[in-house]
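Student: First the structure, then my questions, so here it is.
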Amino acid sequence: MSDLRLTGCQPQPLAHYLKALAVLRIVSEQFDAEVAGYWQDDCLHLRTRKTRTEIEAFFLEHFAPSPIISPWNGGSGFYEKDRKEAVEALADSKAARFAPYRLALRAAIRLLKDLGSPQQVDKKTKDELLERCRNRLPDETLSWLDAAFVLTEDGSKYPPLLGSGGNDGRFEFSNNHMHRLVELFDPQTGSARTATAALLSQALFDEPSHSLAKIPAGQFLPGNAGGPNSSAGFDSSALLNPWDFVLSLEGALTFASAGVKRLGSAASAGLSYPFAVRSSPSGFGSAADWRESDSARSRGELWLPLWTRPTGYAELAKVFSEGRARVGARPANDAIDFAVAVASLGVDRGLSEFQRYGFEERNGLSYFATPLTRITTGASARAQLLAAPALDSWLSGFRRRLSGKNTPASIRRAGRRLERSVIALCQRDSSQQLLDCFRTLGQCQTALGRAQSWAEDARIEPLQLTDERWLEHLPSSSELRIAVALASSYLRLGSRDTGRRMPLRTHLHQVEVRGRSVRWTADDPRNVVWSEASGLVANLNRLAARRNLLEKRHGGLLETTSSCSLEDVSAFLDDRTDDHLLEQLIHSCALLSSAALRKPPNSKAQTSGLPVEAGGFFSLLVLCAQGRTPAFLATRVSEQEIALEPAIHRLASAGNGSAAADRALRRLRGSSLAPLLRRLHVEPGLAERTAAATLIPLSPASLRLIAEDLLRIDTDN
Amino acid sequence: MSYPNFFETLTGNAPFPYQERLASEPWPELLDVPTGLGKTAAIVGAWLWKRLHDDNAPRRLAYCLPMRVLVEQTAEVARELCARSERYFEHGAVPSVHVLMGGDVDEAWEGAPDASAILVGTQDMLISRALNRGYGMSRFKWPVHFGLLHNDCLWALDETQLMGVAVETSAQLEGLRRRLGTLKPAKTVWMSATLAAGQLETVDHPIPDSGRQRLTLSDSDRTNEVVRSRLSARKTIARLEGARLTGHDKTDAEQVFDSVLDLHNERGGLTLVVANTVARAQALFDRLAHETDRISLVHSRFRPVDRLAAEQSLFETGDRIVVATQAIEAGVDISARTLITDLAPWPSLVQRFGRLNRYGEREGLIRWIDADLEKKNSKSSLPYDTADLETARHLLRDLQDAGPGSLAQIPYSPPAVVRPVLRRRDLLDLFDTSSDLLGEDLDVSRWVRDERDTDVQFYWRSFEGSEPPSGIERPQRTELCRVSIGAANGFLNRLRSSKKKPGGVKTAFRWNALEGAYEPVRREQPARPGELLLLPVESGGYDPERGWHGQPKSVRVPEIQTQQIVSRESYAWEPQTAGAWLSLEEHLRDVVRETVSLTEALGLVPEHSEALRRAAQWHDVGKAHDQFQRRLLEPVADRPNLQPPSTEELWAKSSHRRQAPGLRRYFRHELASALAWLEHADENDIAADLASLVAFLIAGHHGKVRLSIRSVPDEDRPSGKERLFARGVWHGDRLPECELPEDGKVGPFTMDLSVMQLGRGSWLSRMLELRDSAQIGPFRLGLLEATLRAADWRGSASPGTAASATERS
């Protein structure tokens, strides 16, 4: 066995990818049943007993082209006004290699004759003609038919690759195919023409050929071949080689579509197509955008698999049918599911990468598809987070409601962002992309919180993320660690046993958290202190004030399951954190269930203390806010607890740092603690920020460090 | 014993000559005999006879019909004939009769590939099963029904003129069976007097050079007295004078009601009035009901329970009038004395004429009502095409008798209809039962039935408050009334804006399974075809006597007392967990035993018997996997009384159904079994094609792992990024040594999942080779799959025979 490297068959442009599929299929079906193909160094390799010379000789002497015919198209060579020379030449051919073509053409001619040889294709009867073709034409033709159209209960539908049934209005594929064949071979004898061998070497092995000039340029181009995509697809020299056209059309036969419907549903059947994903149509303004509309031009994408293990064609064709999914109805809903599903198929089947192509649907010749990035399928663990059952069912419910007439625009926008983000995650599996998804999930919940009554009517429960792997996969940062610490803090109202927990999210929107369940509630709306209009610092301070109030009124205690390092708090105090990101992450982390918060993200070891400028002031405030009855203080220094004095925080958050510091100093002394500080001058802005920072839970060790520093006591003995 | 005697024992009548020929000659392709001449008895009788006298006669008779009502009648006949043939069959071998129709699917036959059985079903049920996408059943058993319906099976399609595309599909399946080959013969008989010739002539089922084998009435039939009297039954026909349909229901009722009464009073017996639309039938019924109370109304917009009550009067005796729609055209076996019908398309008329003087008992009389077709935009032709009515009118013009003999002379050929044809490529695609990436399945409905079901089904319930409580019982078939989608949404719109009796709930409700609650049907999300919608009883729209009329808030609709019927356990043959601890070794022995007995009974060739036997030995080897053993043992770790009898053995079944937490989700032992077998086959140089076949049978024995091995989206995955996994089996997992009944000690094994990836020797490529091989192919695979699964079910149902019990003691 030798491995042949087909340098002319590369993943880009699309025509060359299709050519690769064609070569593998044709060699396997007609020449060497044992042949296997794989991708390496961006070109197709064939593992075969045959030599390059033998393969080339086969294509020149024996290759029997698939009968690609479209008797339903005007211009297909079957109608009065059409160019018919190629059809006639092939239908009359005696050559063995054109036998399948001849049989198919004759069957089609007979079929049209039975219909009284119509002069043109009647729009009204086109579907019936398509049905007749699929019913009657020989088996060899079916691959082409299934690649060109699907008949469903709702009439014919056209898959993305081949325009409207092998026709883009100006350009008829099958008739062109036959013309190219006649250019390559003498239809009577079937023997190759003089230039054909050189052209073949160019098509398969990318070897320069001088024969191209003999063929007039332009006839391969669909009418006027200009337009934005033309340069990105075929380059002009490739277009001139008839082999490229013939083989790329042969390659398109691998993309057989099918009619599908969900089991047991009475909904109409849809068109299912391999590896095609349609992004949401642009606009997104109205519900109508979500519905299928044949006239709507929407962006489609094909994700074409690249595989590295030598694979026979039959198996490959089966993987293409495994890769089918519905295109059309509810496109955006399915896009995420599709992306996740196709990534998992890739892993299961060892498809190492997918080459993405984007194209405008209904733009005729989709060969002019734009190559986009590659997707590597290896690690899809992150995307799988979004496919976890609990989240998946919430997402599908949420996305289903997006199309409703009364759906608030803010929710649609958030939903749209989420979809884009998830698809991007499937395309680029990175922790940054996962972070983006995580943020957009928070935005979705925020949007829902603002439209609570709509959400309740639509039966959308508040979102909760229960998967413990979220924090494992997100990129660690000060912002994330702070947000996690904040999210894991909660106010326990009342006694320890019977008390009610009020975690952070009960202050973001009107929900109640009981055990594992999170529900919308009509309880005291004043608990929701977070407002989009205010900044992060103001929001945190309002939160602190509310908690202080609740604690004073009902008794209780602020508790937390995880905490932050002094280093991260310093970063916040120093304005080195991104407040916008932090605020979003607070919203997202609030979605995490207590179980999911259990494994906080890694943080660097404690290396340095607090920044000088804010240090003393922060220490004062935090001891008064968080330092209540810390065990080390209670046993070593003071028998009294540091009673909560809301006024301290109130003054600080109002920008009055000095007054707050005074009150805090008095408070500490009242608890028999003797801070080394006397008076402090604090800028109003810093005072507010410092007040906000006291909300960030610190570990007992950090608190001890602060206490030692501030009180100059040695708490260790 | 001669066939005439046999037939007479079964039916009480001597057979007609054609019935006798059917039993003595090979099955024809076409049985072309007019209705009323005992086709059902002919087929069932001949099949029973052949089962008794010909070892190669197909074990199963799949009797396929277009409508439920025909299924019920045919099953009744078949049951009676089987019961009367009991004494001819060996003990217990008398064929059983099973009904397959929507809402009532008998699956008891699926576990007995060796038994004689008659399956009477609708085309929806039987054809969908033949396409490996059986309606109304577990998807994991599709291949079982597929295998049994394509092997050892005689298909009889009756009333084919009403079947539409199912005829083309059955023709293709017949042709494809010949092309692709079956293990046991299968054959199709199409029965119809008026089958459009072209329908059978499909791409893979061309007319053979010798022509189609057709069995029709011979001269000796025609001279038979009974046949002659039926064929020459007189049915005088004429236009009803003085009436012309206008399309206004009340006017039209007014036009004809006194003629109906006159004819009825004059002739007595059953007078059948067939109207083209439900509304017209209702109007006429209302008008006639003023004059007589021996009258009932039959159409398709009834709840089944009410329709049954209405249809009762058809079978009563004495003078009565039944007003009906085309719902009565086919099916119900009645014989009216007088028929008054609207002008209708010719095939419909022929069906209607058949409801009259069926047995030639006395002269029948037909009056047809002309329609005003000339007026533009007239509704008088609805729901038909004006052109079809004009054709019919033309044919009726000079007709004086509409008996079977006269109708046969009418030159009428139905217009050719282009219907989707199932191609070889489609069938091969359908052999794989996995759904596509988004969980959707290949759509087979277009090959099963012509018309798309665009009806909504309503049911009426009473409840307190503004929404039905979620605990309210789900609807049953008997209380569902079909309404066309347009009529349903029109009704809901009127209901919403109705001012009569203000207040109350003004909409219908749909069940939202995801939310587990009922939600109102709103204007912006109207009813969709196929939905089942709950209406409050106060919303009206229906009347048990008249059926659906669409008037909102008319009168309270009486609720039907539903009884909670215990649905037929669809997994009846798949015993979940046996009642006692059963060791793996014993279970394998049980299944090998049942497999041997089945392959012998079926007379399979040695290579297939060998493959099945091997598969039986290995099918549950994957249960030795730690994940499976833990599943059985961990839940009882702290329960001494539930412990297994020994700690040394590997177990196949446990005595409990307790859950073991923390194990891999979606674990499939049969995948582990198949991988172990492949390792064994590789080490022991077992021929590749045998190895593949056995692997396919092992993996497929629950219908969940077949042509492709795929992971499940949310299954637990190994931590190593590159480590392959699928269905709870991880690459590199180990299986301990096992003791097999015949192969002895095998293993230990290491699971090699690289076969799930593309490449030479991959699972997918091996399975495709089987499917595409001329020696195997989809139909043979189907029967082999069904056989192993039947053996497994049987082995599980009767663990430890006498033989193995003695061994143990």
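Student: Would you mind pulling out the separation of the Cα centroids of the stretch B:434-451 and the stretch B:135-199, in Å?
Tutor: 18 Å
Student: Where a Cα-Cα gap under 22 Å defines reach, which lysines qualify for A:Lys50, not counting those fewer than 8 residues away within the same chain?
Tutor: Of all the lysines, those that pass the test against A:Lys50 - Cα under 22 Å, at least 8 places apart if same chain - are A:Lys19.
Student: If you don't mind, another one. Calculate I(q)/I(0) for the protein assembly as shown by the Debye formula, one identical point scatterer on each C-alpha and no solvent, and give its log10 at q = 0.03, 0.07 Å⁻¹ to two decimals.
Tutor: -0.19, -0.99
Student: Leaving out ligands, DNA and RNA but keeping every protein chain, what accessible area does B:His145 have, in Å² rounded to the nearest 10, with a 1.4 Å probe?
Tutor: We get 0 Å² for B:His145.
Student: How about the stretch A:2-69: which GluC sites (Glu not before Pro) there lie in a loop by DSSP and see at most 16 other Cβ atoms within 10 Å?
Tutor: Here the sparse-neighbourhood loop sites are A:Glu34.
Student: Still on this structure, I have one more. What is the antiparallel percent of DSSP beta bridges lying wholly in chain B, to the nearest 5?
Tutor: 30 percent
Student: Roughly speaking, what is the centre-to-centre gap between the stretch A:83-148 and the stretch B:725-792 when only Cα atoms are used, to the nearest Å?
Tutor: Between the Cα centre of the stretch A:83-148 and that of the stretch B:725-792, the gap is 42 Å.
Student: Additional query: Just the number please: accessible area per residue for the stretch A:28-114, 1.4 Å probe, all protein chains included, in Å².
Tutor: I get 45 Å² per residue for this part.
Student: Shifting gears a bit: Given the stretch A:500-541, what whole percent of its Cα pairs are spread farther than 13 Å?
Tutor: That fraction is 54 percent.
Student: Continuing with this model, one more query. What GluC sites (Glu not before Pro) does the stretch B:296-353 have in DSSP loop regions with at most 13 other beta carbons within 10 Å?
Tutor: Hits after loop and neighbour filter: B:Glu316.
Student: Calculated from DSSP H runs of 4 or more alone, at -39500 (n - 2.57) each and per residue, what is the 222 nm mean residue ellipticity of chain B, nearest 500?
Tutor: So the calculated ellipticity at 222 nm is -11000 deg cm²/dmol.
Student: Let me ask something else about it. Estimate for me the total accessible surface buried between chains A and B (protein heavy atoms, probe 1.4 Å, no ligands or nucleic acids), in Å² to the nearest 100.
Tutor: Approximately 5400 Å² gets buried when A meets B.
Student: Place a point 7 Å from Cα of B:His656 in the direction of its Cβ. Which residues in the stretch B:622-641 have their backbone N less than 18 Å from it?
Tutor: Residues B:627-641 qualify, since their backbone N sits under 18 Å from the label point.
Student: Where a Cα-Cα gap under 12 Å defines reach, which aspartates and glutamates qualify for A:Lys405, not counting those fewer than 8 residues away within the same chain?
Tutor: A:Asp289, B:Glu524
Student: Take peptide A:316-322, look around each residue's Cβ out to 10 angstrom, count Cβ atoms belonging to other protein chains, and average those counts.
Tutor: Across the residues of A:316-322, the mean count of other-chain Cβ atoms within 10 Å is 4.
Student: If I model a spin label at A:Glu207 and A:Asp92 as a point 7 Å from the Cα along the Cα→Cβ vector, what separation in nanometres do I get?
Tutor: Taking the simple label geometry, A:Glu207 and A:Asp92 are separated by 3.6 nm.
Student: Could you sort out which of A:Lys124/B:Lys375; A:Lys261/B:Lys553; A:Lys318/B:Lys187; A:Lys84/A:Lys318 sit more than 28 Å apart by Cα distance in this structure?
Tutor: Cα-Cα > 28 Å for A:Lys261/B:Lys553; A:Lys318/B:Lys187; A:Lys84/A:Lys318; rest within.
Student: Over the stretch B:586-728, what relative contact order in percent results from Cα pairs under 8 Å that are six or more residues apart?
Tutor: Computed value for the stretch B:586-728: 26 percent relative contact order.
Student: Run the numbers for B:Glu76 and B:Thr246: contour at 0.36 nm per residue of separation, minus the present Cα-Cα distance, in nm.
Tutor: 57.0 nm
Student: Sticking with this structure for a sec: Provide the per residue accessible area, probe 1.4 Å, for the stretch B:389-468, rounded to a whole number of square angstrom.
Tutor: I get 44 Å² per residue for the stretch B:389-468.
Student: Kirkwood hydrodynamic radius for chain B: how many Å is it when counted over pairs of different Cα atoms?
Tutor: So the Kirkwood estimate lands at 29.8 Å.
Student: B:Glu722 versus A:Asp127, label points 7 Å from Cα toward the beta carbon: distance in nm?
Tutor: Computed distance between label sites B:Glu722 and A:Asp127 equals 5.3 nm.
Student: Now a separate question. For an R0 of 22 angstrom, estimate the FRET efficiency from the Cβ-Cβ distance between A:Asn406 and B:Ser470 and round to the nearest 0.05.
Tutor: It comes out at approximately 0.40.
Student: A further question on this structure: Going through the stretch B:46-151, which GluC sites (Glu not before Pro) have at most 10 other Cβ atoms within 10 Å and a DSSP loop state?
Tutor: B:Glu90
Student: Another question, then. Between the helical axis of B:304-315 and the dominant principal axis of chain B, each derived from Cα atoms, what acute angle in degrees is found, rounded to the nearest 10?
Tutor: The angle comes out near 50 degrees.
Student: For the protein assembly as shown, give me the percentage of DSSP beta bridges that are antiparallel, rounded to the nearest 5 percent.
Tutor: 55 percent
Student: Pop out a list of residues from the stretch B:729-777 that are at least 30 Å² less accessible with all the protein chains around than in their chain alone; 1.4 Å probe, no ligands or nucleic acids counted.
Tutor: Listed in order, they are B:Met756, B:Gln757, B:Leu758, B:Gly759, B:Arg760, B:Leu764, B:Leu768.
Student: Taking 8 Å as the Cα distance limit and 6 or more residues as the minimum spacing, I'd like the relative contact order of chain B as a percentage.
Tutor: Contact order relative to length: 13 percent.
Student: What is the distance in Å between the Cα centres of the stretch A:165-184 and the stretch B:673-688?
Tutor: Computed from Cα coordinates, the inter-centre distance equals 49 Å.
The values are calculated or read from the model by the stated rules, or taken from the named source; none is laboratory data. In this text the structure is predicted, and so the values were computed from the model without any measurement. Virtual Cβ from ideal backbone geometry, glycine too; neighbours counted across all protein chains shown. Ligands, DNA and RNA are stripped out before the accessible areas are found, and what is left, the full protein with its side chains, is counted by its heavy atoms. Shrake-Rupley method; radii C 1.70, N 1.55, O 1.52, S 1.80 Å.
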